[in-house]
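Trainee: Before anything else, here's the structure in question.
The values are calculated or read from the model by the stated rules, or taken from the named source; none is laboratory data. Computed from a prediction, not measured in an experiment: that's the story for all the values here. All Cβ positions, even for glycine, are placed from backbone atoms using ideal geometry, and neighbour counts span all protein chains on display.
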Amino acid sequence: MKIIYLLIIPIIVLLGLNYRQLYSAWAIWSETRRLENLANVAPDEFQNPAPLEDRFQGMLSSTFWNFTTINGGGKVSNESAWHAAEIAFDAGLTIQHFPDTSFQHETAKRQAPAAEQYNNATLIGGRGFRPSPSRDVVLKFTAHVDEQFYGTAGVVVQPAGTLQEDGFFAKPFDMFGFAVVGEESSFQGINGSLCYLALNWIPVKVNALPVDAQVSHDYEIRLRWISKTEWLGSVAADGAVLCEMHIPSFGPVEVHVWSDNFLVTSQPRQWWEIAPTMDVKFQDGGEKQFHVMMIEIFEEPR
């Protein structure tokens, strides 16, 4: 029995020390299986919507966008400005952040719908597109950030109906696409421009993109049907494909554009850990801007 205890105790300790990594692996596996099951029972016949676009000519297109939300101080607003963030239109869409004068007195504790220190502006639209054996789904946009950029921002696709107008998530947060991460952060050791896949909030794959986020580029996110349960997602800049990932089928997708004040840090892997860990906090970085000059989504014959 002593020998058995000597063998079991180290295993239990090792599992305890790696509980975050084990939970992440289980969450990714579980969400992948859920998406595969949904894809297998989805009807083969599917009609994509007509092409949608927004040139941000002084307002948001009511055809493209379903709603916007701004988080701040632990509350959600559907106005164009709230707390320490604003959605504005000056030669395109600009998501702006300002100093959060209450930041030091706010709590970082997660609560519904968001922590008080969390400042985020989100736009949800372009719903209802899904790739097929004969047609890709293509999302094009032009974007850049300013020199004071911090936190994260980006343009991704996610399962339609993931986020609600009240700021609550109706589905697990699965996403694929383009993001910019500030120099103060590290996403699996990467910051700057990147493409990534996340399932149930957890990063699965993160690839650096060799583009300067402060310079305006024409980006393209393409979803290609591989099978009922698997797609090929790619991100291109200025006509050059820079990233490809095999991703689970999301079903009909929606477009998610955002900018926030996350502070993401990747912890060095210790000798007893089976994988590195990542911490997500918040920061009051002051002023920053994320610009999107145009956006469009459509199906394209293969």
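Trainee: Considering only residues that are closer than 23 Å to Asp284 by Cα and assigned to a loop (DSSP other than H, G, I, E, B), which ones fall in the stretch 169-216?
Mentor: Within the stretch 169-216, Gly182, Glu183, Glu184, Ser185, Ser186, Gln188, Gly189, Asn191, Trp201, Ala213, Gln214 meet the criteria.
Trainee: Residues being within 22 Å of Gln96 (Cα to Cα) and either touching a helix residue (DSSP H, G or I) at 6+ places or on another chain (Cβ under 8 Å) or surrounded by 23 or more Cβ atoms within 10 Å (Cβ to Cβ) (or both): count how many of those fall in the stretch 164-178.
Mentor: Number of matching residues: 2.
Trainee: Further question: Which residue, of Thr101, Thr122, is among the polar types (S, T, N, Q) and part of a strand (DSSP E or B)? It would help to see each step written out before you state the result.
Mentor: Numbers: Thr101 fails: part of a strand (DSSP E or B).
After ruling out the rest, the residue left standing is Thr122.
Trainee: Ok, one more. Given the condition modelled with pLDDT under 95, within 21 Å of Ala179 (Cα to Cα) and of a type in the set (D, E, K, R), answer yes or no: does some residue in the stretch 265-279 qualify?
Mentor: yes
Trainee: If I ask for residues that are modelled with pLDDT of 95 or more and either surrounded by fewer than 15 Cβ atoms within 10 Å (Cβ to Cβ) or in contact with a Cys (Cβ under 6 Å, 6 or more places away or on another chain) (or both), which ones from the stretch 109-127 would you list?
Mentor: Scanning the stretch 109-127 gives no hits.
Trainee: Right, here's the next one. Given the criteria closer than 22 Å to Ala27 by Cβ and modelled with pLDDT under 95, does Val253 qualify? Give the steps one after another, and end with the answer.
Mentor: Working: closer than 22 Å to Ala27 by Cβ: yes; modelled with pLDDT under 95: no.
No, not satisfied.
Trainee: Another question, if that's okay. May I ask you to list the residues in the stretch 208-228 that are free of Cβ contacts under 8 Å to residues at least 40 places away in the same chain and basic (Lys, Arg)? Steps first, answer last, please.
Mentor: The initial filter retains those residues of the stretch 208-228 that are free of Cβ contacts under 8 Å to residues at least 40 places away in the same chain, namely 208-212, 226-227.
Across the stretch 208-228, there are no qualifying residues.
Trainee: What pairs can you find where one residue is in the stretch 45-60 and within 16 Å of Leu123 (Cβ to Cβ), the other is part of a loop (DSSP other than H, G, I, E, B), and their Cβ atoms are less than 6 Å apart, with a gap of 6+ or different chains?
Mentor: What qualifies is Leu52/Phe64; Asp54/Ser61; Asp54/Phe64; Phe56/Gly92.
Trainee: If a residue must be within 17 Å of Thr142 (Cα to Cα) and of a type in the set (Phe, Trp, Tyr), how many such residues does the stretch 66-89 contain?
Mentor: Just the residues of the stretch 66-89 that are within 17 Å of Thr142 (Cα to Cα), to begin with: 87-89.
Then drop every residue that is not of a type in the set (Phe, Trp, Tyr), which leaves 89.
Residues that pass the stated criteria total 1.
Trainee: Looking at Val211, Val241, Val257 in this structure, which one is farther than 19 Å from Asn37 by Cβ and surrounded by 23 or more Cβ atoms within 10 Å (Cβ to Cβ)? Walk me through how you get there before you give the answer.
Mentor: Values: Val211 fails: surrounded by 23 or more Cβ atoms within 10 Å (Cβ to Cβ); Val241 fails: surrounded by 23 or more Cβ atoms within 10 Å (Cβ to Cβ).
One residue alone meets the criteria, Val257.
Trainee: Quick one: what pairs do we get from the stretch 63-91, first residue closer than 19 Å to Glu106 by Cα and surrounded by fewer than 19 Cβ atoms within 10 Å (Cβ to Cβ), second at pLDDT 95 or above and charged (D, E, K, R), C-beta under 6 Å, 6+ apart or different chains?
Mentor: Note: pairs meeting the criteria are Gly74/Glu116.
Trainee: The conditions are (1) more than 17 Å from Gln289 (Cα to Cα); (2) acidic (Asp, Glu); (3) outside any strand (DSSP E or B), and Glu53 fails exactly one of them. Which is it?
Mentor: If we test Glu53 against (1) more than 17 Å from Gln289 (Cα to Cα); (2) acidic (Asp, Glu); (3) outside any strand (DSSP E or B), just (3) comes out false.
Trainee: Something else now. Within the stretch 191-200, restricting attention to residues that are under 23 Å from His97 (Cα atoms) and surrounded by fewer than 22 Cβ atoms within 10 Å (Cβ to Cβ), which residue is modelled with the lowest pLDDT?
Mentor: In this case the residue turns out to be Asn191.
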